[in-house]
Amino acid sequence: MKPSTLIRNGVSTEMMELIARLIDLIAWPARRGAMGDVAMTLLDSKPRVAEEEFGWNRKAVELGIHEYQTGIACVNDISARGKPKTEDKHPKLLAEIQTLMEPHSESESSLRTTLLYTHMTAKTVREALMQKGWPEASLPSVRTISNLLNRQDYRLRTVAKSKVQKKPTKPMPSSRTSAA
C-alpha cells in the first residue's frame, strides 16, 4: 500500500478520487443523493467545497443534500421545459389554417399514408391569414407556419399529376441483312 498523499478536509487524495469514481458509477436520481451524503459526511454539508474538491455541480450537491435529509427524491420534469408549440399557444390559429388548407389539399392517390399534399406554401398560408383579418404582428413567421404544417401532416409540394403511361416500343428489325 502506497502512502497517501496530501490530505484535504481530513481525507486523502486517493480516497477523494475513489469516492469520485464510485459516485460516477451511480445512475442520476440516486447520484444526487449519494453526492449529498458525501458532502454531509466529509465536507460539513458544503456544496461549494464539493464543487472544488470533486468537480461536482454545487446546485446538484445542494439538491442532493436536501434529498438525503428528507428522503424524498426530486423529480425533474424535463418534458415541461422548452418553448410550447404554436398550435398549443394558438389553437384558433391552427383551426383557421386547417380550414384554409382543406380545399387545397388532397391525399396520396394510393392512400398508403395519411399525408395531405398541397400546392400552398407556408408563405401563401400566411398571406391568406392576413387577408382573413389576422394582424401581421400576431402571426408566426413563415418558417414557423411551415413547421406547423409539417407537424399536421401537410406536405408542401406540388401535387403529382397522373402520368401518361408510355407505350412500349416495338423492337426495330435488325438492320443487318444476310449477305449471300
Practice task
Extending each Cα 7 Å along its Cβ direction at M130 and R58, get the distance between those two points in nm, one decimal.
Solution key: 5.2
Fill in the blank from the handout: At R0 = 41 Å the Cβ-Cβ FRET efficiency linking L25 and K92, nearest 0.05, sits at 0.20
Practice task
Label segment 35-88 by shape, choosing from rounded, prolate and oblate, from the square roots a ≥ b ≥ c of the eigenvalues of the Cα gyration tensor; if a/c is under 1.5 it is rounded, and otherwise prolate applies when a/b is larger than b/c, oblate when it is not.
Solution key: oblate
Problem - Under 19 Å from K92, Cα to Cα: aspartates and glutamates that are on another chain or at least 8 residues apart - result: E102, E127, E136, D153
Handout entry: Environment charge of E87, counting only residues whose C-beta is closer than 14 Å and scoring Lys/Arg +1, Asp/Glu -1
Key = +2
Handout entry: S141/E102 FRET efficiency (R0 25 Å; Cβ-Cβ; nearest 0.05)
Key = 0.65
Practice task
Would you mind checking which residues have amide H under 5 Å from L43's amide H? H placed 1.01 Å from N; only 5 or more apart, or other chain.
Solution key: none
Handout entry: Distance violations [Cα-Cα > 32 Å] among K46/K85; K46/K89; K85/K132
Key = K46/K85; K46/K89
Fill in the blank from the handout: The summed charge of the A34 Cβ neighbourhood (under 11 Å; Lys/Arg +1, Asp/Glu -1) stands at -1
Handout entry: J(HN,Hα) series, segment 74-88, from Karplus relation 6.51 cos²θ - 1.76 cosθ + 1.60, nearest Hz, glycine and proline x
Key = 7, 9, 8, 9, 5, 5, 7, 6, x, 7, x, 6, 4, 5, 6
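Laboratory data are not the source of any read-out in this text; all were calculated from the coordinates shown. Predicted model, so just to flag it, every value in this text is computed and none were measured. Ideal geometry is used to build each Cβ from the backbone, glycine not excepted, and the neighbour counts take in all protein chains shown.
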